[in-house]
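Since the structure comes first, as structure tokens, the remarks are kept for the end.
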Amino acid sequence: FNTKGTTHPITHHRSQVDIYERLPVPFGLVRFGVAPDHPEVKNVINTFTQTAKHSRCSFFGNVNVGKNVSIAELQQAYHAVVLSYGAEGNRSMGVPGEDLDGVYSAKDFVGWYNGLPSCRELSPDLSCETAVILGQGNVALDVARILLSPIDILKKTDITQPALEALAESQVRRVLIVGRRGPIQIACTIKELREMVNLPDTRPDMVASDFDGVKEALKDLPRPRKRLTELMLKTALEVPGEKEQERRNKASRTWGFRFFRSPVEVLADISRGRIAGIRLAVNRLEGSGEGAQAVLTGEVEDVSCGLVVSSIGYKSLPIDPSVPFDSHKAIVPNTMGRIQRAAGLYCSGWLKTGPTGVIATTMNNSFDTARSLVEDMESGKLDVSAIKPGSQSIGALLEKRGVKPVTFSDWEKIDNVETKRGESSGKPREKLLTVEEMLQVAWT
């Protein structure tokens, strides 16, 4: 949807834009990635809905591109094809024990509490006291916040009912958020940090020595980084005021950053066949600022925990042998969204850039792709003189293959059912959790 934002092809001449989506429901990352307690971020769905209802835009859900229909077939049917399927693969930690029970990727953990059908049966064991999250970006802080949030807050969100029930019974009382570099290199934004600092019934638990020299480095930092670091310093080192101290004293849960640490091994509890802890290498930094590199010191330390969530990044996966793919960078090689050596093929989002930045960053790079496409149409680089059949021929192919797409009006039936189910329990919506249930509602 972002690629059809400002200066999008749909406003150009008489273009018809068709959106193909693997799941029966639209909105991808906004539905399945944005934290349930961030409803303001999900408001972008209203803009997406306006786009989808444009007379020259059509949505075809329940169509798996690369499986139900090939890229080559799409290229035959359309003048241009834009790939925007994101980064659904996980970066591996590459350490012994990462396949033990009790170790989860952040992608799967987030998918579980957000209702992604493929993560429905994750059922994480939350019977431990300490959880360790590897990575210090916004997703890592989302996971920490969901693990520690009071249930009264979560039950007013669109978090799934199974996740809500599991979190209500959770024994997790301490969350450590681990990063290989220092406070000045942390990847989260100030908004997410502030939410952790102000999270009810929690108090911060930091290691003062992790912040040695940070105060002195403040003057050289760009303003956003400086504000973020100042908030960390205040939270970690300053004596709180009377009211804040009272709040912290009453807190039953703790959270904290652990800097200069890298995973070496997930430790097993042999008798239970699951994790008992994690061994962390102690690092030092070489260089300064954003470019500083973590270097092993040879020291290690063990942390007892019953849950590890790896939030060290995502990676895109190849969709079709005909599409160029850089397996080292895990992106489709492109110039401003134009896929290299593939006329008429474009890409946007994390498939184009790698998993970097926040939603606004992704929106802007998607607008760039849309501009590239429009420029190519106007310059003649993209030949649009020949008539192409578009969804007419793809629809016939799908019908022949026994694939029935979900239209946007079908999605609105799902939306209506989810919203009504949510109303009965005071939630914005209660998501349908299986593709089968979604299709049943869509086609009723």
Could you compute how much accessible surface R194 exposes when probed at 1.4 Å, giving the result in Å² to the nearest 10? 100 Å²
With a 1.4 Å probe and every protein chain left in place, tell me how much accessible area C119 has, in Å² to the nearest 10. 10 Å²
May I ask for the equivalent-ellipsoid semi-axes of the stretch 171-248, computed as the square root of five times each C-alpha gyration tensor eigenvalue and listed largest first in whole Å? 22, 15, 13
Over the Cα atoms of the stretch 360-444, how large are the radius of gyration and the largest Cα-Cα distance (Dmax), in Å? 19.4, 55
For H54, H328, give me the order by solvent-accessible area with a 1.4 Å probe, most accessible first, ignoring ligands, DNA and RNA. H328, H54
Packing rank of 18-29, 107-118, where each peptide gets the mean count of other beta carbons within 10 Å, highest leading: 107-118, 18-29
Here the tail fraction of P(r) beyond 17 Å, over all Cα-Cα pairs of the stretch 218-274, rounds in percent to 64 percent
Multiplying the sequence separation of R284 and S304 by 0.36 nm and subtracting their Cα-Cα distance, what value in nm do you get? 4.9 nm
Exposure rank, largest accessible area first [V358, V239; 1.4 Å]: V239, V358
Cβ neighbours within 10 Å, averaged per peptide: list 153-163, 136-146, 170-180 in order, most packed at the top. 136-146, 170-180, 153-163
Give me the one-decimal nm value for the distance between modelled label points at T434 and T335, 7 Å along each residue's Cα-to-Cβ direction. 5.0 nm
Give the accessible area for M438 in Å² (nearest 10); use a 1.4 Å probe, count only protein heavy atoms, and leave out ligands, DNA and RNA. 0 Å²
So what is the orientation-averaged projected area of the chain, using the convex hull of its C-alpha atoms, in nm²? 23.8 nm²
Please work out the Cα convex hull volume for the stretch 92-312 and give it in Å³ per residue. 133 Å³
Would you please calculate the Kirkwood hydrodynamic radius of the stretch 260-363 over all C-alpha pairs and express it in Å, rounded to one decimal? 17.3 Å
Distance from the Cα centre of the stretch 118-164 to that of the stretch 46-68, in angstrom? 30 Å
Expressed in angstrom and rounded, the centroid-to-centroid distance over alpha carbons for the stretch 342-369 and the stretch 91-112 is 26 Å
Looking only at the chain, where both bridge partners belong to it, what percent of the DSSP beta bridges are antiparallel (to the nearest 5)? 45 percent
Please find, in a Gaussian network model of the chain (springs between Cα atoms separated by less than 10 Å), the residue of E286, E430, E192 whose mean-square fluctuation is greatest. E286
Quick one: compute the contact order of the chain, relative version, from alpha carbon pairs under 8 angstrom and 6+ residues apart, as a percent. 25 percent
If I build a Gaussian network model for the chain, linking alpha-carbon pairs within less than 10 angstrom, which residue out of V264, V65, V384 has the largest mean-square fluctuation? V384
Protection-proxy order for peptides 32-40, 207-215, each taking the mean of Cβ atoms within 10 Å per residue, highest first: 32-40, 207-215
May I ask what percent, to the nearest 5, of DSSP beta bridges between residues of the stretch 92-312 are antiparallel? 45 percent
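The values are calculated or read from the model by the stated rules, or taken from the named source; none is laboratory data. Source: prediction; values computed, not measured. Cβ sites come from the backbone with ideal geometry, for glycine too, and all protein chains shown count toward neighbours. To get the accessible areas, we keep the full protein, side chains included, count just its heavy atoms, and leave off ligands, DNA and RNA. Shrake-Rupley method; radii C 1.70, N 1.55, O 1.52, S 1.80 Å.
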